[in-house]
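Engineer: Before I ask anything, let me first share the structure, which is written out below as structure tokens.
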Amino acid sequence: MKESFLHLVWQQQLIQNKKIYTTEGEELIIHHPGEVNLLQGPDFSSAMIEIANQKWAGNIEIHLKSSDWYAHQHQKDTSYSNVILHVVFEHDIEVFDLQSNSVPTLELSTLIKGSALQNYNELMQQSQYWIFCENKIKAFDTFKWQHWMERLYVERLERKVGEIELIFNKTKQDWEATFFLLLAKSFGGNLNGAIFLKAFSQVEFIVIRKQIANNKTASLLFGLLGLLKESSFEDLYCQILKKRFDDQRQKYRLEEFPLPKLNFFGCRPHNFPTIRLAQLIAFYEKHKTVFSKVLGLGENLKSYQDFFDIEIDEYWKTHYNLDKVSKKSSKKISKNFLDLLLMNVVIPFLFLYAKKKGTDESYLLDLMYQISPEKNNIVAKFSALDVKSKSALETQALLTLKKEYCDKERCAACDLGVHIIA
């Protein structure tokens, strides 16, 4: 049994309709089970109960066993000083709070509605399936399913926003600098994103901003990544970049920081870090200031596609690496890559901005509905269960559903699981 099932039992009050008593034999009346607490501390807050004719308002903590109170060190935590009821499946020990006050306990082992316990046990026995509910998922109400998909997507979005906020705080809450670093990390991709982020974070953004304004970004960024160390470049473009970076390094007193070597192996040529960096540079040198322009793009996907439609520098149309000529190609930002930028950078960034400024962010969901669904193994397996996705919002939601609920057996915290159990 998972603790999340007991959360469901308490939240939905799936308790047999009869008088209930604490483990001390005192009658317990539940006026309000409280609100789910998603932060640190007790599981439910603002609950209202009555024990032996005495009314209490406060927090509820839920465990499989009473002894989990001590296993989790709650007896030493002031956050648990206002727990008015300890709800457990099995009562195996008396518990006390930080002030050595006895915490009233409700044991659920004989109180849970038989149908709920049976439905839960039957669901959790379907371990031979890819997901426990795969033979019932298609029958779930369409409207409720769509609502659940949006909630799952927002949950995923908020996790991304939390990561972005760390960068935002490191830039001293500079929106333009934050957006640049986020884009740089994303242009670097899975293999080189962390290197891009580390290299460009070591320079004050005002320096980068000046180079963007003067169309001298290439020398600075390629130099910061250690790509201009070659002493005998043959073509004029590389020689100019190297000379310009030497001047920039001296002017801005740029220190040389140790960086991991950029990864080319495992990348398709159009994903080489040199090409992605050249695209990022072309994008910034076209728009100069990006943040304020992104804010005005609204909910129309075409506006973002036009915004990211840039021409790469002529040099890179005939190169994949510095000083090595290749067959000419446009090397524009592809639709698939733009979709990833929107999902992983632009929309989470705008969500954070709306959150900080207290403005409406609902248009971002509309934008996600316009982006094509992703293609991956998880989405394909849901599709095989006749759960079809028409947008990136739905595929992002399905990834969260599988990784955060199905894989962790949190069926009792899933809207579909709740429908089946309750």
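Engineer: Given the Cα-Cα distance of Ser334 and Asp247 and 0.36 nm per residue of separation, how much length would full extension add, in nm? Intermediate results must be reported in sequence, preceding the final value.
Structural biologist: Numbers: separation 87, 0.36 × 87 = 31.32 nm, distance 3.43 nm.
Here the answer is 27.9 nm.
Engineer: Would you compute, from DSSP H runs of 4+ residues alone, the mean residue ellipticity of the chain at 222 nm, taking -39500 (n - 2.57) per run and dividing by the full residue count, rounded to the nearest 500?
Structural biologist: Here the helix-only value at 222 nm equals -14000 deg cm²/dmol.
Engineer: May I pose another question? Order by neighbour count: Trp148, Trp10, fewest other Cβ atoms within 10 Å first, most last.
Structural biologist: Neighbour counts put them in this order, fewest first: Trp148, Trp10.
Engineer: State log₁₀ I(q)/I(0) for the range 320-383 at q = 0.21 Å⁻¹ as given by the Debye formula over alpha-carbon point scatterers of equal weight, solvent excluded.
Structural biologist: Log10 I(q)/I(0), no solvent term: -0.92.
Engineer: Please work out the FRET efficiency for the pair Glu163 and Ser303, using the Cβ-Cβ distance as r and a Förster radius of 22 Å; give the result to the nearest 0.05.
Structural biologist: On the way: r = 26 Å, r/R0 = 1.16.
Between Glu163 and Ser303 the formula returns 0.30.
Engineer: List every residue whose amide H lies under 5 Å from the amide H of Ile371, counting only residues 5 or more places away in sequence or on a different chain, with H placed 1.01 Å from N in the peptide plane.
Structural biologist: Residues meeting the amide H criterion: Ala392, Leu393.
Engineer: Please give me, ordered by residue number, the trypsin sites (Lys or Arg not before Pro) of the range 300-370 that lie in loop per DSSP and have at most 12 other Cβ atoms within 10 Å.
Structural biologist: Taking the range 300-370 and a limit of 12 other Cβ atoms within 10 Å, the loop trypsin sites (Lys or Arg not before Pro) found are Lys327, Lys328.
Engineer: Quick one: helix 236-251 against the long Cα principal axis of the chain, what's the angle to the nearest 10°, folded into 0 to 90?
Structural biologist: With both axes taken from Cα atoms, the answer is about 70 degrees.
Engineer: Starting from 0.36 nm per residue, how many nanometres of slack lie between Tyr363 and Gln54 once their C-alpha separation is accounted for?
Structural biologist: Taking 0.36 nm per residue and subtracting the Cα distance, the gain is 106.4 nm.
Engineer: Right, another one. Return the percentage of antiparallel bridges among DSSP beta bridges fully within the chain, rounded to the nearest 5 %.
Structural biologist: Given both bridge residues lie in the chain, the antiparallel proportion sits at roughly 65 percent.
Engineer: Report the paramagnetic label zone for Gln73: residues of the range 31-47 whose backbone N is under 20 Å from a point 7 Å from Cα along the Cα-to-Cβ axis.
Structural biologist: So the set is 39-43.
Engineer: Quick one: length gained pulling Asn190 to Phe265 fully straight, 0.36 nm per residue minus the C-alpha distance?
Structural biologist: This chain segment gains 25.8 nm when fully extended.
Engineer: Please arrange Met149, Met48 by how many other C-beta atoms lie within 10 Å of their C-beta, fewest to most.
Structural biologist: Numbers: Met149 22, Met48 15.
In increasing order of surrounding Cβ atoms, one gets Met48, Met149.
Engineer: A further question on this structure: So what does the Cα-only Debye profile of the chain read at q = 0.06, 0.10, 0.11, 0.12 Å⁻¹, as log10 I(q)/I(0), no solvent term?
Structural biologist: -0.38, -0.84, -0.93, -1.02
Engineer: What pairs in Lys160/Lys286; Lys302/Lys403; Lys210/Lys243; Lys144/Lys302 have C-alpha atoms more than 24 Å from each other?
Structural biologist: Lys160/Lys286; Lys302/Lys403; Lys144/Lys302
Laboratory data are not the source of any read-out in this text; all were calculated from the coordinates shown. This one's a predicted model, so the numbers in the text were calculated from it and none came from an experiment. Cβ coordinates were reconstructed from backbone atoms using ideal geometry, including for glycine residues, and neighbour counts include every protein chain displayed.
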